[in-house]
Amino acid sequence: RTLYEAVIRGKSATQMIPDPEYASNSVYAEGALLPLYNPRPSVINATDLARWQYCEAHGAMGGLCDEWSPDPLPLPSAPPVGLQTALAGVGVVVTAGNRHQYLYHTLTTLLATPGAQQHNVFVVLGDAPPSTTQLLRLLDLNFTKVAVQGQDNDKLFRYYRSVFQLAVNTFPDAPAVIFLDEDVEVSPDFFSFMSQTLWLLHADPTIYCINAFSFLPDMGRGRGPQYVRRGEVQVSWGYAVTLNFIREALKMWPHGINGLDIHTYDYWLYDKVRGERECIYPEVSRLRHYGVGVNTVPYMHEYESLHRPLLHAPPVPLLNAALMSYANHETDFVRGLKTATEVEATAPCDPHFPDRARRATGPLVVFFNQTEADDVSSWVEMGLCAGLHPVSEQDNHAGAHLAFYPRYLHPPVPRNTHPLNREREEEGD
């Protein structure tokens, strides 16, 4: 973490209500830096020379500039995943700017992840100094720069419009494009997760994105990393969409946000382009948003990003991806509502409720009505108690938020057949 990321904390790990007493934007640090002589690492080839020249000019580059055990250059190829054919032709667009330390960690983690294909990774730069372009040349990665204008969110809104247009031009025949921000660490299961869910974008028109980010703040109300959910959410730092959705967005995308009720491009996609479509996302996140950017709220970043579980396990088979298509999901969803037992609205905040829920013979339902637009504190409390997304009205299906209190005995789930993968195999791809 940077100093800014490390010191902005509430009284506890889950402090949610802003208070100047607990979160200050001012940071002061004092210390001494003592010179230490180290012999220059050996230079065997031109790549070594370029590396150490770069390291002499830029600090905090992690393994790139480790003089005793530096990261290998060029970057080694990642091993395949079980459904590697599902990733064939899928573009991976990384958005980046002037934070080359962030970008190096993001790219090296991404390219070491099983299933990664370096030739499909394309970095799109906005405001990028020579330090960023030098790094990408050192890593031998494809990249381009786009002209940006405006300030803060207006600039970002215009930039991501250019990014979407570049994705269409660069990967015109891709079955999907994965977008990733420069300050995101992916799980070792990232591409395996994508390979098992991308087919839903084509098989189900009610789904518009595959999110690798989980909206669940902890695993107390989840069933485990083998499970996914669907809900009304926006794209989040690492996600996949189809070219059709990208083209649809570009037709509606204004060139700026002046005079419009628009704050961020991702919420604009959710609010103006998505319609009633939903996203698929895992119960345990396959990425962590670790960086501080334009829209970072320190206390929320500390709670929302840095404390959220990240799956570090090897590729995990998903058990219920096939059940996320609308017809299958809706059948199970409606059946649960019809058989649910109503409990009092304060029940989820009772410390004994998890045990009560686990012992229940069927679903339980709590009715919650937000009667005023500024009534957010009630949902924060309710969300925290139920293990849901406490700072957003998103993460719901048909107005219902789902929480799970597992009995630690998973019911049998039909085998995920991945229709598009089966079609590719039959075609000999």
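Overview of results
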quantity: Pair list, Cβ under 8 Å, 6 or more apart: segment 334-352 residue touching a residue at least 40 places away in the same chain (Cβ under 8 Å) and of a type in the set (A, V, I, L, M), other residue outside any loop (DSSP other than H, G, I, E, B) and surrounded by 11 or more Cβ atoms within 10 Å (Cβ to Cβ); calculated: L337/V365; L337/A400
quantity: Which numbered condition S305 misses (of (1) under 27 Å from F404 (Cα atoms); (2) crowded, with 22+ Cβ neighbours inside 10 Å; (3) within 14 Å of the chain's Cα centre (by Cα); (4) in contact (Cβ under 8 Å) with a residue 24 or more places away in the chain); calculated: (4)
quantity: Wholly within segment 111-190, strands (runs of 3 or more DSSP E) carrying at least 1 residues that are at pLDDT 95 or above and over 21 Å from R99 (Cβ atoms); calculated: 177-181
quantity: Within segment 84-124, considering residues that are free of Cβ contacts under 8 Å to residues at least 40 places away in the same chain and open to solvent by 30 Å² or more (accessible area, probe 1.4 Å), the one nearest to S195 (Cα to Cα); calculated: Q117
quantity: Residues (touching a Gly at 6+ places or on another chain (Cβ under 7 Å) and buried (at least 18 other Cβ atoms within 10 Å of the Cβ)) located in segment 350-394; calculated: G387, H389, P390
quantity: Subset of segment 151-180 (residues that are of a type in the set (D, E), open to solvent by 30 Å² or more (accessible area, probe 1.4 Å) and farther than 24 Å from L83 by Cα); calculated: D152
quantity: Test for T206: is it surrounded by fewer than 20 Cβ atoms within 10 Å (Cβ to Cβ) and at pLDDT 95 or above; calculated: yes
quantity: Residue check, N142 more than 12 Å from I257 (Cα to Cα), open to solvent by 70 Å² or more (accessible area, probe 1.4 Å), in contact with a strand residue (DSSP E or B) (Cβ under 7 Å, 6 or more places away or on another chain) and of a type outside the set (D, E, K, R); calculated: yes
quantity: Single residue of segment 354-409 satisfying the filter (over 28 Å from the mean Cα position of the chain (by Cα) and among the aliphatic types (A, V, I, L, M)) that is nearest to E344 (Cα to Cα); calculated: V366
quantity: Residues satisfying the stated conditions in segment 235-244, i.e. of a type outside the set (V, I, T) and under 18 Å from the mean Cα position of the chain (by Cα); calculated: S236, W237, G238, Y239, A240
quantity: Considering residues of segment 64-100 that are outside any loop (DSSP other than H, G, I, E, B) and of a type in the set (G, A, S) only, the residue farthest from the chain's Cα centre (by Cα); calculated: A86
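The values are calculated or read from the model by the stated rules, or taken from the named source; none is laboratory data. Fair warning: this is a prediction, and the values are worked out from it, not measured in the lab. So basically every Cβ, Gly included, is an ideal-geometry build from the backbone, and we count neighbours across all protein chains shown. Only protein heavy atoms, including side chains, enter the accessible area calculation; ligands, DNA and RNA are left aside. Shrake-Rupley method; radii C 1.70, N 1.55, O 1.52, S 1.80 Å.
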